[in-house]
Amino acid sequence: MSRIGKKPVAPVDGVTVTIEGQTIKAKGPKGELSVDLVDLVTVEMTDEGVKVTPVNETKAARSAWGMSRTLVQNIVSGVKEGFQKKLLINGVGYRAQMQGSDLKLALGFSHDVIFKAPEGIELQAPAATEIVVSGIDKQVVGQVAANIREFRPPEPYKGKGIRYEDEYIFRKEGKKK
């Protein structure tokens with residue numbers, strides 16, 4: 001039994017959820033999102049909220065159960081509050097700044113890296129060593145943050161690079177004489 005799948009997605013004030021077959025649409029103050037669920041689960045609207053149940057007791061149906069419920073939860077909370085990821089930059093001369101709606105990164109390369117935000121994603125650089133990626137789609141926010149981190153991932157010897165705010169970099173000891 002999926003502990004996550006058993007819980008219904010509770011209704012949220014200001015968010016309307018509509019179910020059309022295997023497509024769930026959520027509309028809220030921040031925008032509108034939809035998700036197509038696999039045929040291994042059924043979705044229904046109850047008094048407690050959106051309830052996801054597996055079609056049968058096969059391993060594949062039970063595996064898709066919790067994931068499908070989490071996808072529905074993500075679109076409901078995304079259109080209500082949105083999601084954000086914070087990145088920190090460590091390193092001498094490494095910095096980020098906004099250039100219109102694009103992000104300009106100085107990361108020790110011979111040239112600055114210009115990153116254009118995809119549609120629906122907002123980038124901010126509140127400080128020279130801080131980047132905030134925000135939007136309503138959790139998957140896209142996480143992917144954009146990973147793409148930015150990929151330009152200069154943190155290295156284990158000095159800790160230089162772009163890392164997530166809550167990420168711990170395991171430091172290695174350098175060469176000994």
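The values are calculated or read from the model by the stated rules, or taken from the named source; none is laboratory data. Here the structure is a predicted model, which is why all the values come from computation and not from measurement. So basically every Cβ, Gly included, is an ideal-geometry build from the backbone, and we count neighbours across all protein chains shown.
Here are a few things to note about the model shown:
- Cβ-Cβ contacts under 9 Å between residues 6 or more apart (or on different chains), taken from a first residue in the range 60-86 that is free of Cβ contacts under 8 Å to residues at least 24 places away in the same chain to a second residue that is assigned to a helix (DSSP H, G or I) and surrounded by 16 or more Cβ atoms within 10 Å (Cβ to Cβ), are listed as M67/G5.
- All told, A145 falls short of being touching a residue at least 24 places away in the same chain (Cβ under 8 Å), in a loop (DSSP other than H, G, I, E, B) and either surrounded by 11 or more Cβ atoms within 10 Å (Cβ to Cβ) or not assigned by TED's automatic domain parsing to the domain that holds F115 (or both).
- The residue of the range 92-111 that is surrounded by the fewest Cβ atoms within 10 Å (Cβ to Cβ), among those that are in contact with a strand residue (DSSP E or B) (Cβ under 8 Å, 6 or more places away or on another chain) and outside any strand (DSSP E or B), is G93.
- Complete set of residues in the range 6-45 that are in contact with a Phe, Trp or Tyr (Cβ under 9 Å, 6 or more places away or on another chain) and either assigned to a strand (DSSP E or B) or within 17 Å of S77 (Cβ to Cβ) (or both): V41
- Unique match (being aliphatic (A, V, I, L, M), outside any helix (DSSP H, G or I) and surrounded by fewer than 18 Cβ atoms within 10 Å (Cβ to Cβ)) among I89, I114: I114
- Near pairs, Cβ below 6 angstrom, 6+ apart or cross-chain, from the range 1-29 (over 18 Å from I136 (Cα atoms)) to any residue that is assigned to a strand (DSSP E or B) and basic (K, R): P8/K51
- Of all the numbered requirements in (1) among the aliphatic types (A, V, I, L, M); (2) more than 16 Å from V35 (Cα to Cα); (3) modelled with pLDDT under 95, A145 misses one, and that requirement is (3).
- Scanning the range 24-50 for residues that are farther than 16 Å from M67 by Cβ and of a type outside the set (G, A, S) yields K25, K27, P29, K30, E32, L33, E44, M45, T46, D47, E48.
- When K85 is tested against (1) among the charged types (D, E, K, R); (2) over 27 Å from G31 (Cβ atoms); (3) at pLDDT 95 or above; (4) in contact with a Gly (Cβ under 8 Å, 6 or more places away or on another chain), just one condition goes unmet, and that condition is (2).
- Selection count where residues are among the β-branched types (V, I, T) and either in a loop (DSSP other than H, G, I, E, B) or in contact with a Cys (Cβ under 8 Å, 6 or more places away or on another chain) (or both), scope the range 117-137: 2
- Test for M45: is it free of Cβ contacts under 8 Å to residues at least 60 places away in the same chain, surrounded by 13 or more Cβ atoms within 10 Å (Cβ to Cβ) and under 30 Å from F151 (Cα atoms): no
- Residue that is nearest to K116 (Cα to Cα) [pool: residues in the range 148-177 that are part of a loop (DSSP other than H, G, I, E, B) and among the hydrophobic types (A, V, I, L, M, F, W, C)]: F151
- Meets criteria (assigned by TED's automatic domain parsing to the domain that holds K30, under 14 Å from the mean Cα position of the chain (by Cα) and surrounded by 19 or more Cβ atoms within 10 Å (Cβ to Cβ)) for I136: no
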